[in-house]
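To start, the structure under review is shown below, and the notes come after it.
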Amino acid sequence: MVTLSFPSPSLSFVESGTCSKSTHVSRVLFSGPDEVHGESSEPSKILRDVHISERLMEDFTELARENTEKDLETCGTLAAFLERGVFYVTTLIIPKQESTANSCQAMNEVDVFSIQNERELYPVGWIHTHPSQGCFMSSVDLHTHYSYQVVMVPEAFAIVVAPTDSSRSYGIFKLTDPGGMEILRGCSETGFHPHKEPEDGNPVYEQCSNVYKNSNLRFEIFDLR
């Protein structure tokens, strides 16, 4: 569960504290996407493509290791720039946070906004760990993600990293539209609770088909904890 009120070939680095305007990120150098994640009943042409570094999940897992070993969640925000109709995720921001085994509360969101605004980036997604659970979206995760997908951009996605899940270590998800979006829009419950299935027969959420791993996309990490 995550509560966020804001919504190699790859080069990555960690910078602690607040950002500096002099920090430079190469925009994009790529020869093409390497892999498409998941399958979706929606035609991919409805949503703009998103490119993400193949190293990002690995690096986030390593940064979350200390918390994971203590059975504590870790969360972060993913920001991207838009170029020629494609989002390129170039920034992972790990805010100050308070965590439990099944929750993560982001704090000092103004620091996250500052990094995004200085770089003119879109908040296109978020990432968090399930340190001792499987790779899935909980009901609280779904409500958190609804605010991203309805307020930020329709391409917004959620990455769940599950180091102890032997079937898959991470998943990239979004709410189905219109089915899942309608369910969450009409749900006023809080905490962990079940959601009914959408009337259109689709699941509430699904794996993204418009998010691509890009082996040449550079990104930076701001660990503000």
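The values are calculated or read from the model by the stated rules, or taken from the named source; none is laboratory data. Predicted model only: the values in this text are computed from it and were never measured. Cβ: placed from backbone, ideal geometry, glycine included. Neighbour counts: every protein chain shown. Ligands, DNA and RNA are stripped out before the accessible areas are found, and what is left, the full protein with its side chains, is counted by its heavy atoms. Shrake-Rupley method; radii C 1.70, N 1.55, O 1.52, S 1.80 Å.
The residues 127, 183, sorted by heavy-atom accessible surface at 1.4 Å with ligands and nucleic acids left out, run 183, 127 from largest to smallest. Around the amide H of residue 170, modelled in the peptide plane, lie the amide H atoms of 162, all under 5 Å away and 5 or more residues distant in sequence or on another chain. Each Cα pair under 8 Å and six or more residues apart adds its sequence gap; the mean of these over the residue count of segment 50-223 is a relative contact order of 26 percent. Take residue 89: with every protein chain present and a 1.4 Å probe, its accessible area is about 0 Å². When the residues 196, 174, 96, 213 are ordered by accessible surface, computed with a 1.4 Å probe over the protein chains alone, the sequence from largest down reads 196, 96, 213, 174.
Restriction of the GluC sites (Glu not before Pro) in segment 99-184 to DSSP coil positions whose beta-carbon has at most 11 other beta-carbons within 10 angstrom yields 120. With 0.36 nm allotted per residue and the present C-alpha distance subtracted, the residue 113-residue 66 stretch has 14.3 nm of extension available.
Hey, what did segment 156-225 get for relative contact order, percent, Cα under 8 Å, at least 6 apart?
Computed over segment 156-225, the figure is 29 percent.
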